[in-house]
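Please read the structure below before turning to the comments.
The values are calculated or read from the model by the stated rules, or taken from the named source; none is laboratory data. Note that the structure is a prediction, hence the values are computed from the model and not measured. Every residue, glycine among them, receives a Cβ derived from its backbone with ideal geometry; neighbour counts consider all protein chains shown. For accessibility, only protein heavy atoms count, side chains too; no ligands or nucleic acids. Shrake-Rupley method; radii C 1.70, N 1.55, O 1.52, S 1.80 Å.
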Amino acid sequence: MGAVSPPPSPPVVVVLCERSDLRPPHLEPLAGRVHLRYVEAGGLASAVEGARALFLWDFFSTAVAEVWSHCDRMEWIHVAAAGVDTLLFDDLRASRVTVTNARGVFDRPIAEFVLAAVLAHAKLLQESRDLQREKVWRHRETRSVVGARALVVGTGAIGRETARLLRAVGMQVCGVGRTARVDDVDFGEVVASADLAGHVGWCDYLVNVAPLTEQTRGLVNADVFAAMRPSAHLINVGRGPTVDEPALVKALADNVIDGAALDVFEHEPLPADSPLWSLPGAVVSAHMAGDVIGWRDALARQFVANAERWLAGEPLENVVDTALGYVPARPSRQETAWPATSRSPSTSGA
């Protein structure tokens, strides 16, 4: 009777946590099927040796590049975030390691946050709060958002969900992406990001949801602010470095634009001496646009679902194109016609 081979040992999956007591929940379905190594950044080098997968629960960590030479069997890295800019580096891009992200978890929450920022601006809610603190009763007229124009920078899943929600309240929406195109199911028209300054004069709200790549770094710059309407408002829920922050400070201080709702910044936490804390028209939040109650549960369950595909040898979901720095967009199947009363940036004289 021939010798019986021992059963293969479960693959090692490293889980990088910011602290040892901040482990992801809901990983029980993987028990016995993988060997989980929980680790903080300081122990990552030894932990990744022999590991076949890495779950970046500490999704802003830049530690992977520092330990890359120890990743001798790595097949798959999953980032518990939509943006992967803090992970990517040249050696990883050149490798055969598959990178996936949390696409889908943050789409609706961020879209709702954008809508809230639009309504807060149009309905003067921040001004009303300031007047309340001073116990001042002052009647004012507010704006309707019906017919208002939003230019959404970033045509991925978050941008598309944002476009659908803004259209649902009667706003006109156009997208900004790498390449110009027409008849997009969610945006109607998409204009090229390289021509952003030539199109921002069309919009009342410039909504930035773009990931951080070499092409988007500093995309919203002084030329863009100079071309915006004086009544226009910036909403940034993408990545801080996609906006030229000194140019934004100057635009707000000089009343070049009407205001800005800012959830992301060049440096986070926002330094206490940043003028953005006190500039008129600036509304600051702490990188929380997508973080609704239960978001960590959703992130963990999403990883488990993808891990089960990986164990079964099935295609993974949310595979990042590491050359681009994001998951290529999949247009929505929901048919959304361009409003009959709207004009796109390329046909508007405004």
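Among the criteria (1) of a type in the set (A, V, I, L, M); (2) over 16 Å from PHE303 (Cα atoms); (3) open to solvent by 20 Å² or more (accessible area, probe 1.4 Å); (4) out of contact with any His (no Cβ under 7 Å at 6 or more places or on another chain), the one ALA31 does not fulfil is (2).
Among THR341, THR322, THR336, which is over 20 Å from ARG160 (Cβ atoms), in contact with a strand residue (DSSP E or B) (Cβ under 9 Å, 6 or more places away or on another chain), modelled with pLDDT under 95 and not aliphatic (A, V, I, L, M)? Matching residue, one of THR341, THR322, THR336: THR341. Within region 258-315, restricting attention to residues that are touching a Pro at 6+ places or on another chain (Cβ under 8 Å), of a type in the set (A, V, I, L, M, F, W, C) and closer than 27 Å to ASP130 by Cα, the residue that is least open to solvent (accessible area, probe 1.4 Å) is ALA289. Annotation note: Cβ proximity below 8 Å between a residue of region 173-188 that is among the aromatic types (Phe, Trp, Tyr) and a residue that is in a loop (DSSP other than H, G, I, E, B) (sequence gap 6+ or interchain) occurs for PHE187/THR155. Identify the residue in region 130-175 that is over 21 Å from SER231 (Cβ atoms) and more than 27 Å from the chain's Cα centre (by Cα) and, among all such residues, is least open to solvent (accessible area, probe 1.4 Å). Checked region 130-175; the qualifying residue least open to solvent (accessible area, probe 1.4 Å) is VAL136. Give me the residue from region 176-187 that is more than 19 Å from the chain's Cα centre (by Cα) and of a type in the set (D, E, K, R) and, out of that set, farthest from VAL146 (Cα to Cα). This residue is ARG181. If the condition is being in contact (Cβ under 8 Å) with a residue 40 or more places away in the chain and part of a loop (DSSP other than H, G, I, E, B), then region 289-299 contributes ALA289, GLY290, ASP291, VAL292. In region 40-47 there is at least one residue matching the filter, namely being part of a loop (DSSP other than H, G, I, E, B) and in contact with a Lys or Arg (Cβ under 8 Å, 6 or more places away or on another chain).
Residues considered: VAL114, VAL145, VAL84, VAL105. Of these, the only one that is part of a loop (DSSP other than H, G, I, E, B), modelled with pLDDT of 95 or more, within 27 Å of PRO328 (Cβ to Cβ) and touching a helix residue (DSSP H, G or I) at 6+ places or on another chain (Cβ under 7 Å) is VAL105.
Please count how many residues of region 230-251 are out of contact with any Ser or Thr (no Cβ under 7 Å at 6 or more places or on another chain) and buried (at least 22 other Cβ atoms within 10 Å of the Cβ). Within region 230-251, residues that are out of contact with any Ser or Thr (no Cβ under 7 Å at 6 or more places or on another chain) and buried (at least 22 other Cβ atoms within 10 Å of the Cβ) number 11. Taken over region 199-210, the residue count meeting the criterion of being touching a residue at least 60 places away in the same chain (Cβ under 8 Å) and either hydroxyl-bearing (Ser, Thr, Tyr) or open to solvent by 10 Å² or more (accessible area, probe 1.4 Å) (or both) is 4.
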